[in-house]
1. Using the Karplus curve 6.51 cos²θ - 1.76 cosθ + 1.60 with θ = phi - 60°, work out ³J(HN,Hα) for each residue of the stretch 74-86 in order, rounded to whole Hz, and write x for Gly and Pro.
2. For residue 202 and residue 92, FRET efficiency with R0 = 45 Å and r from the beta-carbon atoms, rounded to 0.05?
3. Rank by packing, highest mean first: peptides 128-134, 55-61, 193-199, with packing defined as the count of other Cβ atoms within 10 Å averaged across residues.
4. Please go through the residue pairs 3/140; 153/219; 114/140; 3/219; 114/153; 3/213 and name each one whose alpha carbons sit more than 31 Å apart in this structure.
5. Using DSSP to call loops (not H, G, I, E or B), can you name the chymotrypsin sites (Phe, Trp or Tyr not before Pro) in the stretch 57-113 whose Cβ has at most 15 other Cβ atoms within 10 angstrom?
6. Please report, as a whole percent, how much of the solvent-accessible surface of the chain comes from carbon and sulfur atoms (probe radius 1.4 Å).
7. Once phi is turned into θ = phi - 60°, what whole-Hz ³J(HN,Hα) does the Karplus curve with 6.51, -1.76 and 1.60 give for every residue of the stretch 181-197, x standing for Gly and Pro?
8. For a test of the definition: using alpha carbon positions, the gyration tensor, and the 1.5 limit on a/c, classify the stretch 97-179 as rounded, prolate or oblate.
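The values are calculated or read from the model by the stated rules, or taken from the named source; none is laboratory data. As the structure is a computational prediction, the values presented were derived from the model and not from experiment. All Cβ positions, even for glycine, are placed from backbone atoms using ideal geometry, and neighbour counts span all protein chains on display. Accessible surface is based on the protein model in full, side chains and every heavy atom, while ligands, DNA and RNA are left aside. Shrake-Rupley method; radii C 1.70, N 1.55, O 1.52, S 1.80 Å.
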Amino acid sequence: MKKYIPVLKNNPLFRGINPTEIETLLSCMQAKIKHYAKGEYVFRQGDRVEQITILLSGRIHVQCDDYWGNRTIMNVIHPGEMFGEAYAMQQDTLFLNDAVAMEMCIVAFFDFEKMTTTCSASCVFHHTIIHNLFLAISEKNRKLVQKLEHISKRSTREKLLSYLSEQSRLYGSNCFDIPFNRQQLADFLSVDRSAMSSELSKLKNEGLLDFYKNSFILKQTDI
């Protein structure tokens, strides 16, 4: 677990806590790691989540399939990001979606009770991590609101432009890669893949953007 401390240090949960203190916390919170193969479920819909989880390597999709098999991607988890914390805080609430490894993944699990209860040593950094947990949940809620802004747009075109504009802001550049293939992007934006691909071609022909696979370039126009 010690070799993953640089990844954990980038998580808001450990903000203000130095690597030596993180190493102590890992023992205090009884941290464990698990490996998942591509396509394997970390959590399934209906699971009871009792631990805080952080992705150490790989990529996870939090997704939901309806009765007819139509898929919606709710979130994409990257290394260093936390997921499932809202369910761990309300242990009578079952996981509403599926968390699926999109490639080989390593996940860290932290005992929720150990994390949110001050340890016998009353370490200062344990108080810090409790404070950081609530800040991290607030940030996750902000990101959810941002996604709702994308999918609430009326047309596929507006949804695409909203999402791609946000990615450009996050990268600080008009050139960036997105973490989706075409089907996954359609699932994320809740649109039909064919209609989305057609709209992307129109935007390219209009000179608003260019793309190759999951790489995009946004362009200024006089229109």
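1. 7, 7, 10, 9, 10, x, x, 9, 9, 8, x, 5, 5
2. For R0 = 45 Å, the calculated efficiency reads 0.40.
3. Listed from highest to lowest mean packing, they are 55-61, 128-134, 193-199.
4. Working: 3/140 26 Å; 153/219 21 Å; 114/140 22 Å; 3/219 41 Å; 114/153 42 Å; 3/213 33 Å.
The answer is 3/219; 114/153; 3/213.
5. Answer in residue order: 67, 68.
6. Accessible surface attributable to carbon and sulfur in the chain totals 51 percent.
7. 7, 5, 5, 5, 5, 4, 5, 5, 8, 6, 10, 6, 5, 5, 5, 5, 4
8. Numbers: a/c = 2.57, a/b = 2.19, b/c = 1.18.
Note, shape of the stretch 97-179 comes out prolate.
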